[in-house]
Amino acid sequence: MQSIDATVFVHPSAHIYGAVTIAAHSSIWINAAMRAECQQIRIGQMSNIQDFVMIHVGYEHPTIIGDFVSVAHHAIVHGAVIEDECLIGLNATLMDGVVIGRGSIVAGGAFCKEGSVFPPNSIIAGIPAKAIRERDSRHANRMNAWQYYRNAQHYRANNHRAWHGPDYEAWLETKWAEIQTGADRLPGEPQG
């Protein structure tokens, strides 16, 4: 029932059970846990599920995570949809039926209650969470996803310092320029 692309980095401490699909170039980090006993979990390409993230499904709601999404440490995603190019902050919680629109940021500690729907380009914060302003964060969120992709490649080579030194600084500058012009698009990825 699992389908994990061969390019995906899965840390040995991660736990993945049930109907889980993970697309190319994504990464699953330390002590992340995913369980899909009834519905499915689907994670797009170039997304990262960071340390201690819990992803589960609802009885009636799958968990769908788009492309270039970063789900930060200790977040909980439970039967929610996260569209492309989003950032979910530390300790945020997304409950059943939540939809996070493309290019959005969910602030650390936010609690998105059941059935909440947020439009694209939202900044979402609070308990319960509300869209507090609008900002297109797609480029910044793509950059974060690319950084985690680079980190995963370094971890595969047993190098745990991917974000340090002049090579990294040069890479950041080049990658940011590519993102700004759309030159970072993956094969088959629509323009955006």
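The values are calculated or read from the model by the stated rules, or taken from the named source; none is laboratory data. In this text, all values refer to a predicted model and were calculated from it rather than measured experimentally. Note that each Cβ is placed from the backbone with ideal geometry, even for glycine, and that neighbours are counted across all protein chains shown. The protein model used for the area step is the full one, side chains on, heavy atoms only, and it has no ligands, DNA or RNA in it. Shrake-Rupley method; radii C 1.70, N 1.55, O 1.52, S 1.80 Å.
Quick notes on this structure:
- Of all residues making up the stretch 11-32, the number that are under 20 Å from H154 (Cα atoms) and either open to solvent by 10 Å² or more (accessible area, probe 1.4 Å) or not in a strand (DSSP E or B) (or both): 12
- Restricting the stretch 33-50 to residues that are free of Cβ contacts under 8 Å to residues at least 40 places away in the same chain and open to solvent by 30 Å² or more (accessible area, probe 1.4 Å) leaves a set whose member that is nearest to the chain's Cα centre (by Cα) is R42.
- Filter pass, I123 being on the phi < 0 side of the Ramachandran plot, of a type in the set (A, V, I, L, M), open to solvent by less than 40 Å² (accessible area, probe 1.4 Å) and assigned to a strand (DSSP E or B): yes
- Condition check for H78: closer than 23 Å to H11 by Cβ and surrounded by fewer than 19 Cβ atoms within 10 Å (Cβ to Cβ): no
- Boolean, V53 is closer than 21 Å to A92 by Cβ, crowded, with 16+ Cβ neighbours inside 10 Å and of a type in the set (A, V, I, L, M): yes
- Flag: P166 does not match the condition of being modelled with pLDDT under 95 and either open to solvent by 80 Å² or more (accessible area, probe 1.4 Å) or β-branched (V, I, T) (or both).
- Qualifying residue in the stretch 68-76 (condition: of a type in the set (V, I, T) and outside any strand (DSSP E or B)): yes
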